[in-house]
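The values are calculated or read from the model by the stated rules, or taken from the named source; none is laboratory data. If you're wondering where the values come from, they're calculated on a predicted model, not measured in any experiment. Heads up, the Cβs are rebuilt from the backbone with ideal geometry, glycines too, and the neighbour counts pull from every protein chain shown.
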Amino acid sequence: MPELPEVETTRKGIKPYIQDQRVTKLIIRQPKLRWPIPLSLHDMQGQKIRSVKRRGKYLLLETDQGTALLHLGMSGSLRVVDADSAHEKHDHVDIVFANNKAIRLRDPRRFGALLWTVDDPLQHKLIRSLGPEPLSDAFNADYLFKQSRGRTVSIKQFIMNGHMVVGVGNIYACESLFKSGISPKRSAGKVSKKRYETLVLMIKEVLADAIEQGGTTLKDFVQAEGKPGYFQQQLNVYGRMDDDCLVCGSTIKKITQGQRSTFYCGTCQR
DNA sequence: CCCTGAACCTGACCGC
DNA sequence: TGCGGTCAGGTTCAGG
């Protein structure tokens, strides 16, 4: 489910409820996520949330004693609920706060993660080697062009690689390439500098627009307060196989790249 | 280092 | 209604 805009939407949604709030209780109904939830996470109890940050698709809940790292995987969502409200299937964790609110992690497929680190979270193994934030100045055409030289992978898989740039998942990779007029099949190493200029701009534009719209709700993404996102109304190619291209009218195609579906317009994208 | 494909897991949907 | 196959918004890891 969640790419960067959905995670950022979630971050913004939970922050007002938990910033400076003290964790009173941790309820772990299912510890088996991508990795087991560590017992040390209980050290979070009694701590105040000092900041609610995001790095790539990871949420960082910082306290004085350590930081919770939270990833939503493919099917995860976080909602703010009343602490005593009834949980449903796949509601694996509640982090309960002194204000009687809780953030509740639901993740049917359990590809998400919830970890605890007492060290600098940015130096954590999973975070350390991540590429730049797509909306930062560090993510620019010079950088991406240099990284791409000599690489034979498709441009689509290249921009989805979190070590190159974080946060660009399957939907927004497809959409950014469409807006850039670049074929998803082209080798990353053969894309010109000029086209990387465009691509970087389009990635930034698509992600920023999606954040403004509260993310994309395909089936079950919800914001922290339970509302869906609205960016799906602006999708040009994702999920539109056999539909007409909104720009040129030709038929949108679907192929598989790196075990993921890619949607594109063979006329607009070269 | 680079690339590819398996693995992790559940649920929805489709065709028979 | 049931059954099997396919697909799904992510990422790590093993092997070549």
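Laid out as a table, the results:
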item: Segment A:1-22 residues that are in contact (Cβ under 8 Å) with a residue 24 or more places away in the chain and in a helix (DSSP H, G or I), paired with ones that are of a type in the set (Val, Ile, Thr) and away from DNA strand B (no atom under 16 Å from the Cβ) (beta carbon under 6 Å, 6 or more apart); result: A:Pro5/A:Ile211; A:Glu8/A:Ile211; A:Arg11/A:Val52; A:Ile14/A:Val80; A:Ile14/A:Ile103; A:Lys15/A:Val52; A:Tyr17/A:Val80; A:Ile18/A:Ile49
item: Residue ranges of strands (runs of 3 or more DSSP E) in segment A:45-119 with at least 1 members free of Cβ contacts under 8 Å to residues at least 60 places away in the same chain and in contact with a Leu (Cβ under 7 Å, 6 or more places away or on another chain); result: A:51-55, A:58-62, A:67-71, A:101-106, A:113-117
item: Meets criteria (in contact (Cβ under 8 Å) with a residue 24 or more places away in the chain, in a helix (DSSP H, G or I) and within 11 Å of DNA strand B (Cβ to nearest atom)) for A:Lys179; result: no
item: Residue list for segment A:127-142, filter: within 14 Å of DNA strand B (Cβ to nearest atom) and in a helix (DSSP H, G or I); result: A:Arg128
item: Given (1) within 16 Å of DNA strand C (Cβ to nearest atom); (2) within 14 Å of the chain's Cα centre (by Cα), number of the condition A:Pro184 does not satisfy; result: (2)
item: Near pairs, Cβ below 8 angstrom, 6+ apart or cross-chain, from segment A:217-244 (over 13 Å from A:Pro2 (Cβ atoms)) to any residue that is outside any loop (DSSP other than H, G, I, E, B) and acidic (Asp, Glu); result: A:Gln234/A:Asp209; A:Leu235/A:Glu175; A:Asn236/A:Glu175; A:Val237/A:Glu175; A:Tyr238/A:Glu175
item: Given (1) at pLDDT 95 or above; (2) touching a helix residue (DSSP H, G or I) at 6+ places or on another chain (Cβ under 8 Å), index of the condition A:Asp137 fails; result: (2)
item: Hits in segment A:75-112 - residues which are closer than 18 Å to A:Arg11 by Cα and aromatic (Phe, Trp, Tyr); result: A:Phe97
item: Top-ranked residue of segment A:236-261 - restricted to ones that are away from DNA strand B (no atom under 16 Å from the Cβ) and outside any loop (DSSP other than H, G, I, E, B), ranked as nearest to A:Asn161 (Cα to Cα); result: A:Lys253
item: The lone exception for A:Thr198 - which of (1) without any contact (Cβ under 8 Å) to a residue 40 or more places away in the chain; (2) within 16 Å of DNA strand C (Cβ to nearest atom) it fails; result: (2)
item: Residue check for A:Ala208: outside any loop (DSSP other than H, G, I, E, B), within 16 Å of DNA strand C (Cβ to nearest atom) and at negative phi; result: no
item: Residue within segment A:201-216 that is among the aliphatic types (A, V, I, L, M), within 12 Å of DNA strand B (Cβ to nearest atom), surrounded by fewer than 18 Cβ atoms within 10 Å (Cβ to Cβ) and touching a residue at least 12 places away in the same chain (Cβ under 8 Å) present; result: no
item: Extreme residue, surrounded by the most Cβ atoms within 10 Å (Cβ to Cβ), among residues of segment A:41-90 that are under 25 Å from A:Asn161 (Cα atoms) and of a type in the set (D, E, K, R); result: A:Lys57
